[in-house]
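The values are calculated or read from the model by the stated rules, or taken from the named source; none is laboratory data. On a predicted model such as this, the values are computed, not experimentally measured, just so you know. Note that each Cβ is placed from the backbone with ideal geometry, even for glycine, and that neighbours are counted across all protein chains shown.
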């Protein structure tokens, strides 16, 4: 049902570099779980609306006023690497 | 006097009468931690000693443990994941701010399954927490550290979070009280997100009275969480009356099925008889879509988790790892290596399952279908609550299992949440409280569920049962 290829594809979508020894076990785990999930196919849900979340809330807005917030310094205090007031990352384009 | 063994409400009385000071209580709890923490392993880390000045007019200058997914300003908070090593949030979660305003003394951050992914606290990067009633068994999860800390008297009370049973199941396994409030009752601001439509923070306490008091401190509208609801917070202590006469209590037949441990079934049946004796009317009900809850949950929760955990990429905070060789481009290599080394096995499994359920070609078959079945499960409860005030079930199908028993089989681990997941999918409040012990001396939990925002009903039924039985008074020997 799920191939090693599928596992590598989903890992790539998830931005996880899987080591070779992880692929086989994850394939078996995912296969078991997806087989279990297939029991939902016993239900006809063609006429049922989806529930994204349970509260009858829509478009919760607040006045567009400036409020106190973290300073640039505070926000950058947790940075792994920073430079010139910004988060620094490895090269994006060669 | 063994102050650490007392409830928060008992301590509050001693404080009011000036018989003890906050520092006395803090020292007693720290003394207990020194004695038992090596065996139990309830904490991810202990907090620095608090400032005892200015507590005089505070209502609850009492030690509290916080699950390691609640942000404390300036204190390392990691969700028991290597990927957040060294992360010091620059702000307090709203619940933490409210506790601090009440004078709370943070004693430490409790161990948990990594990112709350699990039912046993075995997937923590700090290693497993042990069940104080039997150190060879799990405390449940994912709030297993918080539950174990309360049961072992290493804190007076605690906050956990519950996405599919993560407060209630460990409460059941450790013989304490655990409450998942209605979705929207408590602000999630500063709770590190797992599944945003299901997560809710709640109290883990030694008795029902403390749960009512702790909920009162943390509940209420918060402009910083758009899903927190602007409804008044009642004085929950008013519900602590032994009055269940005439209440209609539903027993869903789908919860008493194969796989339910006979000792658990017996204890829950006896608990139902206690409520009946007190005048509650017991009604046989059906929640027909119960068998689909676990499958629905593992689509919805993992899909949301895969999206929420996209932020851990090594760019801004936490851990960053670069591979020694170039594979694609330097930044993509950094993302992928950081996530491979930073996430544990269960986190990877759930991220990948959720990513799969949301991916092109599978979205309708998995994610959309899950959302639709969620509607059916919620509808079951809407209908049931037209005829009953509360629903009573076991919290978990078994007592605490052995450490290592289910780690090789993720699906069997997922099924230990079979009775708790539906409350999250439906958004309703639910509480677990002790209702007996197995032959082997392991605690058994009783779950009570009610309509959205009917926490008062939960407290009424739970308090009446607790006062009639007194299981909560049993103390474990470590």
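Let's see how each residue does on (1) surrounded by fewer than 20 Cβ atoms within 10 Å (Cβ to Cβ); (2) free of Cβ contacts under 8 Å to residues at least 12 places away in the same chain; (3) out of contact with any strand residue (DSSP E or B) (no Cβ under 9 Å at 6 or more places or on another chain):
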site: B:37; (1), (2), (3): yes, no, no
site: B:69; (1), (2), (3): no, no, no
site: B:80; (1), (2), (3): no, no, no
site: B:84; (1), (2), (3): no, no, yes
site: B:88; (1), (2), (3): yes, no, yes
site: B:95; (1), (2), (3): no, no, no
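Taking the criterion of being under 24 Å from residue B:193 (Cβ atoms) and assigned to a loop (DSSP other than H, G, I, E, B), the residues of the stretch B:130-155 that qualify are B:139, B:140, B:141, B:142, B:143. Go through the residues of the stretch B:221-237 one by one and say whether even a single one is part of a helix (DSSP H, G or I) and closer than 24 Å to residue B:178 by Cα. Within the stretch B:221-237, one or more residues are part of a helix (DSSP H, G or I) and closer than 24 Å to residue B:178 by Cα.
Yes/no matrix, rows are residues, columns are (1) within 21 Å of residue B:178 (Cβ to Cβ); (2) within 20 Å of the chain's Cα centre (by Cα); (3) in a helix (DSSP H, G or I); (4) modelled with pLDDT of 95 or more:
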{"residue": "B:23", "(1), (2), (3), (4)": "no, no, yes, yes"}
{"residue": "B:26", "(1), (2), (3), (4)": "no, no, yes, yes"}
{"residue": "B:61", "(1), (2), (3), (4)": "no, no, no, yes"}
{"residue": "B:88", "(1), (2), (3), (4)": "no, no, no, yes"}
{"residue": "B:106", "(1), (2), (3), (4)": "yes, yes, no, yes"}
{"residue": "B:115", "(1), (2), (3), (4)": "yes, yes, yes, yes"}
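The residues of the stretch A:29-45 that are without any contact (Cβ under 8 Å) to a residue 24 or more places away in the chain and closer than 24 Å to residue B:338 by Cα amount to a single one, A:29. Filter the stretch A:9-20 for residues that are within 11 Å of another protein chain (Cβ to nearest Cβ) and more than 16 Å from residue B:362 (Cβ to Cβ); which is surrounded by the fewest Cβ atoms within 10 Å (Cβ to Cβ)? Across the stretch A:9-20, the extreme among qualifying residues is A:19. Anything in the stretch B:406-447 that is farther than 19 Å from residue B:304 by Cβ and in a loop (DSSP other than H, G, I, E, B)? List them, or say none. Those that are farther than 19 Å from residue B:304 by Cβ and in a loop (DSSP other than H, G, I, E, B): B:406, B:407, B:408, B:409, B:418, B:419, B:429, B:438, B:439, B:440, B:441, B:442. Restricting B:184, B:178 to those that are assigned to a loop (DSSP other than H, G, I, E, B), over 20 Å from residue B:78 (Cα atoms), touching a residue at least 40 places away in the same chain (Cβ under 8 Å) and touching a strand residue (DSSP E or B) at 6+ places or on another chain (Cβ under 9 Å) reduces the list to B:184. Check residue B:252 against each of (1) out of contact with any strand residue (DSSP E or B) (no Cβ under 8 Å at 6 or more places or on another chain); (2) closer than 24 Å to residue A:39 by Cα; (3) crowded, with 20+ Cβ neighbours inside 10 Å and name the one condition it does not meet. All conditions pass for residue B:252, except number (1). The condition of being assigned by TED's automatic domain parsing to the domain that holds residue B:96 and surrounded by 19 or more Cβ atoms within 10 Å (Cβ to Cβ) holds for only one of B:230, B:207, that being B:207. Restricting to the stretch B:290-336, give me the number of residues that are in a loop (DSSP other than H, G, I, E, B) and more than 8 Å from chain A (Cβ to nearest Cβ). Selection size over the stretch B:290-336: 6. Taking the criterion of being over 24 Å from the mean Cα position of the chain (by Cα) and more than 16 Å from residue B:304 (Cβ to Cβ), the residues of the stretch B:343-361 that qualify are B:360, B:361.
In the set (1) in contact (Cβ under 8 Å) with a residue 60 or more places away in the chain; (2) under 22 Å from residue B:108 (Cα atoms); (3) part of a loop (DSSP other than H, G, I, E, B), the condition left unmet by residue B:158 is number (3). The sole residue among A:2, A:37 that is surrounded by 16 or more Cβ atoms within 10 Å (Cβ to Cβ), facing another protein chain (nearest Cβ under 7 Å) and either within 22 Å of the chain's Cα centre (by Cα) or within 30 Å of residue B:184 (Cβ to Cβ) (or both) is A:37.
Can you name every residue in the stretch B:187-217 that is in a helix (DSSP H, G or I) and touching a strand residue (DSSP E or B) at 6+ places or on another chain (Cβ under 7 Å)?
Within the stretch B:187-217, B:208, B:210, B:211, B:214, B:215 qualify.
At the interface with chain B (Cβ under 9 Å from one of its Cβ atoms), farther than 30 Å from residue B:76 by Cβ and surrounded by 10 or more Cβ atoms within 10 Å (Cβ to Cβ): which single residue out of A:48, A:80, A:23, A:89 fits that description? Result: A:48 is the single residue among A:48, A:80, A:23, A:89 that is at the interface with chain B (Cβ under 9 Å from one of its Cβ atoms), farther than 30 Å from residue B:76 by Cβ and surrounded by 10 or more Cβ atoms within 10 Å (Cβ to Cβ).
Scan the stretch B:429-439 and tell me whether some residue there is out of contact with any helix residue (DSSP H, G or I) (no Cβ under 6 Å at 6 or more places or on another chain) and either crowded, with 21+ Cβ neighbours inside 10 Å or at positive phi (or both).
Within the stretch B:429-439 (the criterion being out of contact with any helix residue (DSSP H, G or I) (no Cβ under 6 Å at 6 or more places or on another chain) and either crowded, with 21+ Cβ neighbours inside 10 Å or at positive phi (or both)), the answer is no, since none of the residues qualifies.
When B:207, B:222, B:261 are checked against the criterion of being touching a helix residue (DSSP H, G or I) at 6+ places or on another chain (Cβ under 7 Å), modelled with pLDDT of 95 or more and more than 14 Å from chain A (Cβ to nearest Cβ), B:207 stands alone in meeting it. When residue A:56 is tested against (1) surrounded by fewer than 17 Cβ atoms within 10 Å (Cβ to Cβ); (2) under 30 Å from residue B:229 (Cβ atoms); (3) facing another protein chain (nearest Cβ under 7 Å), only condition (3) is not met. When the residues of the stretch B:264-289 are filtered to those that are touching a helix residue (DSSP H, G or I) at 6+ places or on another chain (Cβ under 7 Å) and assigned to a loop (DSSP other than H, G, I, E, B), which remaining residue is surrounded by the most Cβ atoms within 10 Å (Cβ to Cβ)? Restricting to residues being touching a helix residue (DSSP H, G or I) at 6+ places or on another chain (Cβ under 7 Å) and assigned to a loop (DSSP other than H, G, I, E, B), the top hit is B:287.
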